[in-house]
1. Consider residue A:88 against the criteria (1) more than 14 Å from chain B (Cβ to nearest Cβ); (2) out of contact with any Asp or Glu (no Cβ under 7 Å at 6 or more places or on another chain): it satisfies all of them except one. Which criterion is unmet?
2. Could you tell me which numbered condition residue B:162 fails, if it satisfies all but one of (1) within 14 Å of chain A (Cβ to nearest Cβ); (2) out of contact with any helix residue (DSSP H, G or I) (no Cβ under 9 Å at 6 or more places or on another chain); (3) outside any helix (DSSP H, G or I); (4) over 27 Å from residue B:85 (Cα atoms)?
3. Considering only residues of segment B:135-163 that are touching a Lys or Arg at 6+ places or on another chain (Cβ under 6 Å) and within 26 Å of residue B:178 (Cβ to Cβ), which is surrounded by the most Cβ atoms within 10 Å (Cβ to Cβ)?
4. Give the residues of segment B:5-18 that are over 23 Å from residue B:175 (Cβ atoms) and either surrounded by fewer than 24 Cβ atoms within 10 Å (Cβ to Cβ) or in contact with a His (Cβ under 9 Å, 6 or more places away or on another chain) (or both), sorted by residue number.
5. Can you name the condition, by its number, that residue A:134 falls short on among (1) within 12 Å of chain B (Cβ to nearest Cβ); (2) over 14 Å from the mean Cα position of the chain (by Cα); (3) at negative phi?
6. Is it true that residue A:227 is in a loop (DSSP other than H, G, I, E, B), on the phi < 0 side of the Ramachandran plot and under 16 Å from the mean Cα position of the chain (by Cα)?
7. So if I check each of A:91, A:38, which one is in contact with a helix residue (DSSP H, G or I) (Cβ under 6 Å, 6 or more places away or on another chain), among the small types (Gly, Ala, Ser) and at pLDDT below 90?
8. For segment A:286-294, state whether one or more residues are at the interface with chain B (Cβ under 8 Å from one of its Cβ atoms), within 21 Å of residue A:235 (Cα to Cα) and either at pLDDT 95 or above or part of a helix (DSSP H, G or I) (or both).
Protein chains: 2
Amino acid sequence: MSELRKDPIIGRWVILSTERGKRPSDFAPPSNTKRGLGFCPFCSGNEHTTPNEIMRFHSGNSDPKDWTLRVVPNKFPALNVEGELERRSEGMFGKMNGVGAHEVIIETPDHQQTFATMSKKAAEDVFWAFYSRISDLKKDKRFKYAHLFKNEGVASGASLEHSHSQLIALPIVPKRVQEEIDSARKYYDFMESCIFCDLIDQELFFKNRVITQNDNFIAISPFAPRVPFETWILPKRHESAFQPIDKDFSQLADIVQTILKKINTILNVPPYNLFFHTSPFTEEQNIYYHWHIEIIPRLTKRAGFEWGSGFYINPTTPEDATKFLTEV
Amino acid sequence: MSELRKDPIIGRWVILSTERGKRPSDFAPPSNTKRGLGFCPFCSGNEHTTPNEIMRFHSGNSDPKDWTLRVVPNKFPALNVEGELERRSEGMFGKMNGVGAHEVIIETPDHQQTFATMSKKAAEDVFWAFYSRISDLKKDKRFKYAHLFKNEGVASGASLEHSHSQLIALPIVPKRVQEEIDSARKYYDFMESCIFCDLIDQELFFKNRVITQNDNFIAISPFAPRVPFETWILPKRHESAFQPIDKDFSQLADIVQTILKKINTILNVPPYNLFFHTSPFTEEQNIYYHWHIEIIPRLTKRAGFEWGSGFYINPTTPEDATKFLTEV
């Protein structure tokens with residue numbers, strides 16, 4: 001018997017077809033491990049082929065090749081950093097100039113490393129780079145939100161295999177984030193508590209969707225996942241916007257790397273998308289919203305049903321996914 | 001300079017990166033024309049390999065192989081047609097049994113035909129089959145909505161290449177449709193007119209996004225398309241739910257086939273998803289919502305940016321897409 005489940009935050013229904021009940025081995029995605037064939041603009045020594053660097057982490061050496069992480073503008077930006085917003089209408093249609101920042105975080109000089117395999121220090125540095133860039137970009141009053149995301153593997157949309165993330169600073173709050181915020185605010189009005197904090201409490205009580213946790217973070221399979229092995233990572237205490245907890249990112253690096261390693265082990269290094277949801281710049285500190293990371297392994301094709309309806313058919317329950325991910 | 005555009009109905013922003021300005025030939029999708037290798041359960045003569053037929057159109061002959069269209073239950077249904085809804089909660093989570101109908105419309109006995117190439121009479125019959133099945137399914141009080149969709153080509157999620165559509169009757173209204181309805185209702189409250197009717201008027205005034213039209217239907221490139229060559233087909237006069245207009249489907253068959261032929265010509269027979277948005281069973285006749293068809297050619301990969309943000313980067317403007325589609 002299949003089951004319909006509703007995500008309490010976004011209000012999205014998913015169909016869990018428990019009868020088809022797919023196990024990790026049923027997906028057998030193309031392995032994502034063959035790396036380093038051909039020229040790579042993100043590799044050490046090719047710094048001159050990227051647009052001018054915005055920032056770098058290095059080991060104290062002035063050698064241009066001596067870096068551990070670089071942030072550069074995207075060579076083919078979706079948005080342009082110069083210009084005014086000029087919001088205007090054409091009849092009932094609204095538009096504005098495509099103003100925004102589109103940056104690439106080159107996470108390591110080593111073409112063979114991924115976020116899952118790099119050193120923990122390197123993974124922490126990636127989060128420091130995110131935090132540093134967001135802190136800088138939010139001074140620009142044209143921007144309302146910074147969307148952080150990572151595509152790993154060709155099937156995820158990544159155009160370069162060298163481990164990197166992207167940051168897009170936007171003059172609007174993305175629809176999906178705004179929906180979560182609106183819903184969280186409604187929940188707060190009614191319950192006087194944060195919906196994500198309550199969700200964490202409930203998951204800790206039920207236990208069957210908790211994959212792993214440490215002092216500051218928890219990783220869960222959401223109750224109504226869109227895709228098999230969808231995973232969310234949330235700070236356990238209320239934090240409305242992405243920032244270091246107790247002045248460090250070590251526990252965050254630890255839990256994200258742990259989850260990615262587990263996913264890589266049971267799903268044969270699948271392509272995935274990872275993204276942050278956090279509070280907009282104008283309401284960074286609040287009591288109703290709770291920042292988190294969502295990881296979407298790209299194992300199934302998104303067909304017409306999902307496109308037209310905004311809801312998903314998922315052949316693996318989150319309880320099964322949790323079991324598989326916990327066992328490794 | 002790229003541009004940010006907002007869809008007036010769904011409130012979704014898209015980034016149109018006009019600088020990259022992709023032409024049809026830039027996509028060069030895999031051609032979808034090699035057909036008919038191997039066994040096909042939808043071909044004439046293999047009727048016994050599908051679940052028991054729900055309905056068929058035929059030419060008056062009692063020969064089991066004499067049919068022009070068949071409707072059968074999906075052999076691997078996402079939902080089960082038997083059972084009660086049993087809506088219940090688990091703490092803050094809502095769920096119900098996966099009750100619904102999942103049917104397949106086999107549009108033609110001929111493996112070589114597609115919706116674009118079949119006879120106009122056959123295309124009309126497909127719409128008659130949709131209408132007939134919806135009319136039947138809405139008598140079932142457990143269902144609130146029937147989602148009609150079509151996946152063409154492997155990259156669209158189609159698991160069989162033989163031309164077919166699917167219908168899923170659901171105990172809930174899909175989120176995307178509900179969002180459109182909510183928005184259309186708000187617009188009506190404010191303007192006392194249907195947002196789709198007003199949109200059609202405006203497009204007919206501007207003309208630069210109108211691909212083609214006949215007496216009853218119009219095909220447009222939406223102002224804020226998610227993907228290159230996204231196309232909407234709408235009845236020109238106000239119709240809240242999918243049904244024959246002036247007791248026939250000939251003009252609808254005509255315009256859908258025309259659009260698909262145009263897309264096939266300029267984009268080399270790409271994979272696509274096509275779906276209907278219509279009013280739910282409980283509010284079929286209303287003044288605020290307007291049924292329509294959306295066609296999504298699958299030319300680009302959906303990457304992490306879209307997954308996490310709910311908004312899209314589209315390299316082809318709808319004005320350019322309209323020009324390309326009009327010229328063939």
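1. Among (1) more than 14 Å from chain B (Cβ to nearest Cβ); (2) out of contact with any Asp or Glu (no Cβ under 7 Å at 6 or more places or on another chain), the lone unmet condition for residue A:88 is (1).
2. Failing condition for residue B:162: (1).
3. Let us first name the residues in segment B:135-163 that are touching a Lys or Arg at 6+ places or on another chain (Cβ under 6 Å), namely B:155-157, B:161.
Narrowing further to those that are within 26 Å of residue B:178 (Cβ to Cβ): B:156-157.
Working: B:156: 23, B:157: 20.
Filtering segment B:135-163 for residues that are touching a Lys or Arg at 6+ places or on another chain (Cβ under 6 Å) and within 26 Å of residue B:178 (Cβ to Cβ), the one surrounded by the most Cβ atoms within 10 Å (Cβ to Cβ) comes out as B:156.
4. Filtering segment B:5-18 down to residues over 23 Å from residue B:175 (Cβ atoms) leaves B:16-18.
Once the filter is applied, which keeps residues that are over 23 Å from residue B:175 (Cβ atoms) and either surrounded by fewer than 24 Cβ atoms within 10 Å (Cβ to Cβ) or in contact with a His (Cβ under 9 Å, 6 or more places away or on another chain) (or both), segment B:5-18 yields B:17, B:18.
5. For residue A:134, the exception is condition (1).
6. Numbers: in a loop (DSSP other than H, G, I, E, B): yes; on the phi < 0 side of the Ramachandran plot: yes; under 16 Å from the mean Cα position of the chain (by Cα): yes.
Answer is yes for this residue.
7. Working: A:38 fails: in contact with a helix residue (DSSP H, G or I) (Cβ under 6 Å, 6 or more places away or on another chain).
That would be A:91, the only listed residue that is in contact with a helix residue (DSSP H, G or I) (Cβ under 6 Å, 6 or more places away or on another chain), among the small types (Gly, Ala, Ser) and at pLDDT below 90.
8. Residues of segment A:286-294 at the interface with chain B (Cβ under 8 Å from one of its Cβ atoms): A:294.
The next check asks that each one be within 21 Å of residue A:235 (Cα to Cα); those that pass are A:294.
Filter once more, so that each one left must be either at pLDDT 95 or above or part of a helix (DSSP H, G or I) (or both): A:294.
Within segment A:286-294 (the criterion being at the interface with chain B (Cβ under 8 Å from one of its Cβ atoms), within 21 Å of residue A:235 (Cα to Cα) and either at pLDDT 95 or above or part of a helix (DSSP H, G or I) (or both)), the answer is yes, since at least one residue qualifies.
The values are calculated or read from the model by the stated rules, or taken from the named source; none is laboratory data. All of these numbers come straight from a predicted model, not from anything done at the bench. Don't worry about glycine lacking a Cβ; one is built from the backbone with ideal geometry, like all the others, and counts go over all protein chains shown.
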